[in-house]
Structure formats: C-alpha cells, structure tokens
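K.L.:
First the structure, then my questions, so here it is.
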Amino acid sequence: MLTVLSLADVAIVLFHPDSGAAQANPAANTLAQALQPAPPAATPDTEADPAPDPIDRLLGHIPAGAWEIARCEGRWTGEIRLDKPPTVLEIKLFSENGGDRCRFATFVDVTARSAREAELQSRHDELQTTYERLAGTQEQLLQSEKMASIGQLAAGVAHEINNPVGYVHSNLGTLQEYVDSLLALLDAYASALQGDARQDDARPDEGQAGKREALQAMRSRLDIDFIIGDVPQLLAESREGIERVTKIVQDLKDFSRIGPDEPMRPSDIQKGLESTLNIVWNDLKYKVRVEKYYGRLPLVECHASEINQVLMNLLINAGHAIHERGTLVLATGADDGEVWISISDSGCGIPDEVLQRIFDPFYTTKPIGRGTGLGLAICYSIIAKHHGRIEVSSRLGVGSTFRVVLPVSQPDPPRAGAPPV
Ligand SMILES: Nc1ncnc2c1ncn2[C@@H]1O[C@H](COP(=O)(O)OP(=O)(O)O)[C@@H](O)[C@H]1O
Ligand SMILES: [Mg+2]
C-alpha cells in the first residue's frame, strides 16, 4: 500500500483503521512543506495520536464538520483558499463503512485551475455586461429609428389631419350661420302663432294672409330650403372628416406603442397593414397606385406594434424605390400554420451586390437625411424574434418584392429576459 502511495502524484494522507495514526505519502510531505503552519488538525478520530508535523499543516486545513459528512456520505470535497503562499487547495475526504475500515484524505493544489476559472468567470461577467449594454443600445436604436421614421412622417400626418380639420372647421362656421337663420325663422313662427291666438276671437281672418306672406318672404330671404338640403351633407362630411382624424390618431397610437416587455398577443396583422398604409399614405399617394390581394388570415401571435414597424419600413422603402409613378401590390395569405404579407413595388429594383447587404445595419444607398440604413436590420431582428423570415426578390429596373412570413403561434413561451430587439 505504501509503495502505491509513494508513487502517487496526489498528496494523500491515510489513517490507520485501528490507531487512527496518519501516514502521508511523499507528495503530501512536499505539499505540506510548502504551506504555512495551520491550526490544530481536525483528524477523523479525536482519540488518535496527533499526526506528525508537517502533516498537521495539511490536516489543519480540513474544515470542522467535514469528516462528519464524509463518515455519513462516504466522501466530502471542498476547496479552501490559503493566504501564504496564495494557494487554492482542493481537499477530498474518503471514509468507508462509517470510517472503520478505510479513511484517507487527498490534497491537490488547484491554484492555477482556480485562477483560470476566475478569469473565465470574469470574462463571462464582462461579456454579460457588454451583451446587456448592447441589448440596451439596440433597444435605443430601434426606438430612435422608429422616432426618425415617425419624424419623417409627422409632416405628412399633420397635412392629412390638417385637411379634414380645416373643412370640419369651415363646416362648423356655415352650420352656425344656418342655425342662426333657422332659429330666427323659428322665432318668427312662434311670434306669429302667439299673435294668432290673441287675434283669433276678434278678427279671425284678419292679417293671416299678410303673416303667411311675411313668413314666406323671411324663409326665402334666409334661404331655408337650401339650408335644409345642405345641413345633412355638411354633417355627413364633417363626421367623415372627424372619423379620418380619429383613425389617423388611433393608427399613430397603435404604431408608437412600445411593448417589448408585453407578452405577444394574437393580432390582426392585416388590420396592422391597413393602419400602417394609412400612416404612410401621404408619402405615397401622389406617385403610387395600390393593388390589394388580401387572403383570410388567422390572428397572429405577435407584438403588433413591432410588426407594424416592419411593414412601415417596407412600405416607405417601396415608396422611395418608385421615383415617378408606380404600383404597389399588397398581398396576404395563410398556409400551413404560417401567414405571409408581401409588398411588391414597381420601383428601381436592387442590384445583386446591394441585395447581399441590405439587411446590414447602417447600409443605405440613400442620401443623408433620407435613409439611416437601420430599417431592414431592425425588420430582420423583429421578424427573427417572432420566429419568422423575410424573403426578398428583385429585378433591376423592374421592382422588388419583400415577403414577411410569420408563424401563427410562437413555438415556445418567450424566455424570461429574452433580449429586446
Ligand atoms: N423596395 C426597395 N427597392 C429598392 N431598394 C431597396 C428597397 N428596400 C430596400 N432597399 C435598399 O436597401 C437599403 C437599406 O434599406 P433600409 O435598411 O430600410 O435603410 P434605408 O431605407 O434607411 O436606406 C436601401 O438604402 C436601399 O438601397
Ligand atoms: Mg428604410
């Protein structure tokens, strides 16, 4: 046994089954020499003879209670840190049959391994911090791209709102005049009726014809017949104007709602496409004819405002690609647990060498102020987060088609702490 022990590289201290006396192999002696003296040894058997120095130095580092655990469970493993010299010692205690037959301890200097692990841990922590910072930056970029797009659109939306608000305002002015005239006529009728009641007994027919004539003259002076014809029209027009404004405001609200922390919800993405088209319409309406081929779509589990942002960027890109006049074809469909939305433009098309880079962040072929190069990169990450894909096909000078494919339901519940997009 001793021969085997003396050959082992690992420091081993063996305890005699009867006396409890400690026997160390050469590796244990060498290790013990290198260590500072330790507190009194916690040997497995307190009645046993004290182990000879310097083995005490090794045994003294065994924490209190460790032998007790080794006795119950057969073994105990732990690491301790020593100051002088700075060392990490891995200690293993083995105890067979409740400690009666065989008890021994091994000691390994794992300082280097521990340093490597600490280094790895600190790198990991650093990476984690960087990752969190990047995720935050990405969230900010997403937000600022969204804000930039909204900023670009604000003028258009203001114009869209201004127009109906303008005519609703003017209609209200006209209606005010109409109401004044109608009230004046009502007044005239009321006083004519009162006059009739007073005169009825005395001279029943006197003045009736004159009053009727006066009222008739007033009626035509105030253009009451025209007013009666015009009021329903003015009201309908105003109502329609207000509905347009309400719709645009609602669309903007849906659009700008940020919800990375909210759970994905079943949403009508065709409605999202319509709202988004409504928001960007001012940019498109003078040069684009829209054709729609909508299928019947199930509700799709998603962050609707993020999908709207994807659609908005695709629509704006399509608009930018059409220089003079062109066609935008919007199509939707569903099959096999997936829905798809395709946006095709008859614009300039994308050369092959550009096609490979369009999803790169900050890649843009547009002048400063018109393009940030972030739109498609963000679209890509939003769609990836939804476990979907974006397919592109394009022919130079003919046009491009962007097709977004999304699963109807998400494969797994979103992980807690999943990276925001
Ligand atoms: N429908 C399209 N037709 C032609 N080129 C397009 C189209 N969509 C995207 N691209 C190209 O991809 C580039 C990157 O688009 P994007 O990431 O949205 O950034 P940006 O629109 O700010 O330039 C555009 O600059 C353009 O060259
Ligand atoms: Mg863009």
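The values are calculated or read from the model by the stated rules, or taken from the named source; none is laboratory data. Every value quoted in this text rests on a predicted model; they were computed, and no experiment measured them. Here the Cβ positions follow ideal geometry from the backbone for every residue, glycine too, while neighbour counts run over all protein chains shown. Protein only, heavy atoms only, side chains kept; ligands, DNA and RNA dropped before computing areas. Shrake-Rupley method; radii C 1.70, N 1.55, O 1.52, S 1.80 Å.
K.L.:
Please pick out the residue among 316, 307, 341 that is on the phi < 0 side of the Ramachandran plot and within 15 Å of ligand 2 (Cβ to nearest atom).
P.N.:
Only one candidate passes the filter, namely 316.
K.L.:
When you scan region 281-288, do you find a residue that is assigned by TED's automatic domain parsing to the domain that holds residue 397, open to solvent by 50 Å² or more (accessible area, probe 1.4 Å), more than 16 Å from ligand 1 (Cβ to nearest atom) and part of a loop (DSSP other than H, G, I, E, B), even just one?
P.N.:
In the first step, residues of region 281-288 are kept if they are assigned by TED's automatic domain parsing to the domain that holds residue 397; the result is 281-288.
Checking the rest, the ones that are also open to solvent by 50 Å² or more (accessible area, probe 1.4 Å) come to 281, 283, 285-286.
Okay, now just the ones that are also more than 16 Å from ligand 1 (Cβ to nearest atom), so 281, 285-286.
Those left that are additionally part of a loop (DSSP other than H, G, I, E, B): 285-286.
Checking region 281-288: at least one residue is assigned by TED's automatic domain parsing to the domain that holds residue 397, open to solvent by 50 Å² or more (accessible area, probe 1.4 Å), more than 16 Å from ligand 1 (Cβ to nearest atom) and part of a loop (DSSP other than H, G, I, E, B).
K.L.:
Identify all residues within region 367-398 that are within 14 Å of ligand 2 (Cβ to nearest atom), open to solvent by 60 Å² or more (accessible area, probe 1.4 Å) and closer than 20 Å to residue 339 by Cα; write none if there are none.
P.N.:
Matches in region 367-398: 380 only.
K.L.:
Then there is this: Would you please name the residue that is farthest from ligand 1 (Cβ to nearest atom), looking only at residues in region 335-354 that are open to solvent by 50 Å² or more (accessible area, probe 1.4 Å) and not in a loop (DSSP other than H, G, I, E, B)?
P.N.:
Going through the qualifying residues, I end up with 335.
K.L.:
Identify all residues within region 60-92 that are open to solvent by 70 Å² or more (accessible area, probe 1.4 Å) and in a strand (DSSP E or B); write none if there are none.
P.N.:
Result: 75, 77, 79, 81.
K.L.:
Here is a follow-up. Considering only region 322-363, how many residues are over 23 Å from the mean Cα position of the chain (by Cα), over 20 Å from residue 293 (Cβ atoms) and not acidic (Asp, Glu)?
P.N.:
The qualifying residues number 10.
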